[in-house]
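Engineer: If you scroll down you'll find the structure; I have some questions about it.
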Amino acid sequence: LIVKNKIIIIFGGSGILGTEFAKHLLSQNAKICVADLNKTVFKKNFKSEINKYSNELMFVKINVLRKKTIDNCFKLVLKKFKKIDVVINASAMNAPFDKKFNKNQFSSIFNYPIDLWNSSIQTNLTGAFLIAQTTTKYFAKVKKGHLINIGSNYGLVAPDQSIYKEKGKQTFFKPADYIVSKFGIIGLNKYLASYFKNTKIRFNILTPSGVKHKQSKTFIKNYSNKTMLNRMSNKNEYNGAIQFLCSDASSYMTGSNLVIDGGWTAV
C-alpha cells in the first residue's frame, strides 16, 4: 500500500477524519495539502507536523462553495509539488451530537430550519460537485487520478431516530439534509465513474460510521447497540482504508463504496 511521494489534497483536511488521514498519510511519506476554511484550526491540529513535515505539508484556505478558491488550491499545489495524484473530499456539514450541540440542528421535521437544510445541501453536495469539476479538469489533462469522497453509513440507510433519545424522550432528531446529501454523494460517484469510462481517472467513496468524539454516554451506548461490534469507531480505524484507496493497490476499483461501519448496515 505504497503512497510514498503521492501528492494528495484533502478538502476538509482540518476536520476529525481529515486531520487523521493527513497525519497518517504524511507518516507514510505522502505529500499533503490540507484545504480548509480556517488556518488557525489547521495550526492547532497540526502543531508538531508543521515543523516535522515542513516540505511535505501545506495549507490552502478554501471555501468549497467558491470555485475560485478550489481552482486556486490546485494552482498552489501544482506550484509547490508539480503534480496531484489523489483528491480526498472530507468536507461536510454535519450536526455533531456532542456536549455543545445546537438544538436547532436536531429539530423535528416539522420545525427544521430551511436555512440549515440549504446550508447542508450546498456544502455537502454542491461543494462536492464543485470539487469534482476542478479535479476532473486537471485529471483529464494529465489522463489519470483518483477522487475519493468520504461518505457515511447514513448514505446507505436512514437513521434510527431512537438513538437520539435523551432520558427516554425523543426530543432530538437526526436531520434529513445530512442523509439526503450523503445518498447524493453515492449518485455523484457513480455518475463520475461512468462519465470517465475507459480512462485512468477513478472515483470511489470511503464510508465510515460514527466516530467516538465527545458524545454523551447515553448517545454512545445507543449508537453502539446498533453496530455488530457494539461500539463506535475510533478515528484511526480508517487509516488503512484511506491508504489503500490512495495507493495503486486500489487500481481496479472505481464507482465503488468501501464500507467500514462496524456492521451497522449488515442487518
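Read-outs: derived from the displayed coordinates by stated rules, not from any lab. Predicted model only: the values in this text are computed from it and were never measured. All Cβ positions, glycine included, derive from the backbone under ideal geometry; neighbour counts span all protein chains shown.
Engineer: Residues in segment 228-239: is at least one within 18 Å of the chain's Cα centre (by Cα) and assigned to a strand (DSSP E or B)?
Structural biologist: Scanning segment 228-239 turns up at least one residue that is within 18 Å of the chain's Cα centre (by Cα) and assigned to a strand (DSSP E or B).
Engineer: Would segment 244-252 turn up any residue that is crowded, with 19+ Cβ neighbours inside 10 Å, farther than 19 Å from Gln161 by Cα and among the aliphatic types (A, V, I, L, M)?
Structural biologist: yes
Engineer: I'd like to know if segment 148-161 contains one or more residues that are in contact (Cβ under 8 Å) with a residue 60 or more places away in the chain, farther than 24 Å from Arg202 by Cα and buried (at least 20 other Cβ atoms within 10 Å of the Cβ).
Structural biologist: No - not one qualifying residue is present in segment 148-161.
Engineer: Right, next: Quick check, is Leu17 in contact with a Leu (Cβ under 8 Å, 6 or more places away or on another chain), in a helix (DSSP H, G or I), over 16 Å from Thr135 (Cα atoms) and not polar (S, T, N, Q)?
Structural biologist: No; evaluated as a whole, the condition is false for this residue.
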